[in-house]
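Asks: Can you read through this structure? Questions will come right after.
The values are calculated or read from the model by the stated rules, or taken from the named source; none is laboratory data. In this text the structure is predicted, and so the values were computed from the model without any measurement. FYI the Cβ positions are ideal-geometry reconstructions off the backbone, even for glycines, and counts take in every protein chain you see.
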Amino acid sequence: MGVESWIFRDRTNNLWKFFINKYGELVYSIMYGDGKWTKETKIDFDVIEYSIEIDEDEIIHIIYSNRDGILKYCKWDKGQWLGKNLYNFKKEGYDISELSLIIVKNMMHIFFILHNSDEKDMAQIVHYSWNENKNIETNIVSSINTSPNIFKYYQVEVVDGDRFFLIFAGVEHNGVSLRFCEYSEHKWSTPKRLYSINGNNVEFYYLCNGKKIQILNISREKSKYLLEYALINDNEKINIKKVCESIKEVKNPTLCISNDLLCAQWQCDDDILCSILEEEWSSPKKLNINVDKDVSVYNYSTGLSTEASGKFKRVFATQIPNLKLYLPESIFNSDFIEDYSEANTVYSKDSTENIVQTLKDNLNTLERVNRKLKSRIEELKGELEEKRKNIGQMEEGYRKLVSQNKKLEERCDKLLESQMSSYNEVENIKLQLKREIDRVIELEYKLSKYNLRNREIERSLEETSREKELLQEELNKERNKSFVYKIFRKD
């Protein structure tokens, strides 16, 4: 199986292209608004396969395997690549292929086909859940019988935000059967057989639309290629229709929903053909592509809201540096499509019926376009009326804003006036406070002088008191002496 390149259009309309070059290096290049591609930047070397997912913050996540059998992970965050090794399968005697990555609620769901080196005709579809911190769970979805006549074994899609639908192909008796299983509440259902495909070179692609599963599958029997469409309703009723039959190689089937119509695209040799399903599939049209341009199918992701409304994950495009994307709206643009006829392609019984059928198809196309134009005109009228209402509401809102703004200005003037008055009052209070502080300081100074004088007076009084006591003692002594003297004189 070839490894398809990836194209990512970010929210600023820059194009990122990821691919494995001839040296086995996983590289990418970016085309900015000037229409020129940057030089290829290498992410890693010896890469065999890879898968890309873009989360809601436009962080690019990549899982890939190398020639040493190591499963790796890296992401583009804040202008740099950050990566780590997840597991070495070859060391355990296994090979992996068909990598797929889906991110739901910050949980990474990695899918791949696990091949045992000792069992060439058997393999397992593995589901590995991981959140950059630890492995949450590993599930074997189903075992399959392999064959080189199956181009790709499985396709997994997200349904209702947190459920997965997985359709896979496996060898059954002398043919190939498609089976279906569902992942819900951390459990995989038992696979159910859908239908069988006879022949070789089996390839399929499916799309979920509401409760319907729509499958486009290719097979080859002897010298003819058969392209079929299968519709599976929620009651599990299967309706299969032939889209075309050709002796030329038919490959790369893809389905998309655009303008509320289901469109099928596929490659027939060097031509890109498309058909639209109404009640029946329309006669195929061919995209106008220069024969000297190499056209390939690409996995495609977009961050543009104008493209996100359509359901498509694969597109046809020419190679860089002259990259041209043929998005689903090309099918409805007469500048990009033309009638397709091939002597070896079976669409009708004879040339007359072919002409009649072509005229009917053209008429149906014109009627369909006319209906869509009328519907679009009505929509535009409704949008115009709605815009008029919005303009009236905006004018009324503007008048209210002007009135509110005037009131706010008046309030601001009053607040400013009040603020100035308050400011003056505060300044007066500050001046009075300063005067009072100065007065207090002066009083404190005088008080300190009075205290000093009082202490001096107290010392003086203490000295006078001591002197008085001494004099009193002297006086008492003298008195005593005089008393004794008088006594002795009488004797």
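Asks: Return the total of residues in segment 253-267 being crowded, with 22+ Cβ neighbours inside 10 Å and either free of Cβ contacts under 8 Å to residues at least 60 places away in the same chain or outside any strand (DSSP E or B) (or both).
Replies: 4
Asks: Would a scan of segment 195-207 turn up a residue that is among the acidic types (Asp, Glu), closer than 21 Å to ILE63 by Cβ and in contact (Cβ under 8 Å) with a residue 40 or more places away in the chain?
Replies: no
Asks: Search segment 23-37 for residues that are under 16 Å from ARG9 (Cα atoms) and pair each with any residue that is among the basic types (Lys, Arg) when their beta-carbon atoms are under 8 Å apart and the residues are at least 6 apart or on different chains.
Replies: TYR28/LYS17; SER29/LYS17; SER29/LYS39; ILE30/LYS17; MET31/LYS17; TRP37/LYS17
Asks: Please enumerate the residues belonging to segment 7-61 that are of a type in the set (Ser, Thr, Tyr) and either surrounded by fewer than 19 Cβ atoms within 10 Å (Cβ to Cβ) or within 19 Å of PRO321 (Cβ to Cβ) (or both).
Replies: THR12, TYR23, TYR28, SER29, TYR32, THR38, THR41
Asks: Can you confirm whether segment 70-90 contains a residue that is farther than 30 Å from ASN116 by Cβ, small (Gly, Ala, Ser) and outside any loop (DSSP other than H, G, I, E, B)?
Replies: no
Asks: Follow-up. Identify, please: which residue in segment 116-125 is touching a Ser or Thr at 6+ places or on another chain (Cβ under 7 Å) and surrounded by 11 or more Cβ atoms within 10 Å (Cβ to Cβ) and is, among those, nearest to GLU182 (Cα to Cα)?
Replies: ILE125
Asks: Turning to a different aspect of this structure: Might you check whether a residue that is over 20 Å from LEU114 (Cβ atoms) and either in a strand (DSSP E or B) or in contact (Cβ under 8 Å) with a residue 40 or more places away in the chain (or both) occurs anywhere in segment 45-52?
Replies: yes
Asks: Something else now. Just the residues that are surrounded by fewer than 19 Cβ atoms within 10 Å (Cβ to Cβ) and either at pLDDT below 90 or among the hydrophobic types (A, V, I, L, M, F, W, C) (or both), please, taken from segment 230-244.
Replies: Within segment 230-244, LEU231, ASN233, ASP234, ASN235, GLU236, LYS237, ILE238, ILE240 meet the criteria.
Asks: Just give me the residues in segment 52-75 being among the aliphatic types (A, V, I, L, M) and more than 15 Å from PHE18 (Cα to Cα), in sequence order.
Replies: ILE70, LEU71
Asks: Is it true that HIS115 is modelled with pLDDT under 90 and either in contact with a Pro (Cβ under 6 Å, 6 or more places away or on another chain) or not polar (S, T, N, Q) (or both)?
Replies: Here the answer is no, as HIS115 does not meet what is asked.
Asks: Looking at this structure, is ASP292 under 15 Å from THR318 (Cα atoms), at pLDDT 85 or above and surrounded by fewer than 20 Cβ atoms within 10 Å (Cβ to Cβ)?
Replies: No; evaluated as a whole, the condition is false for this residue.
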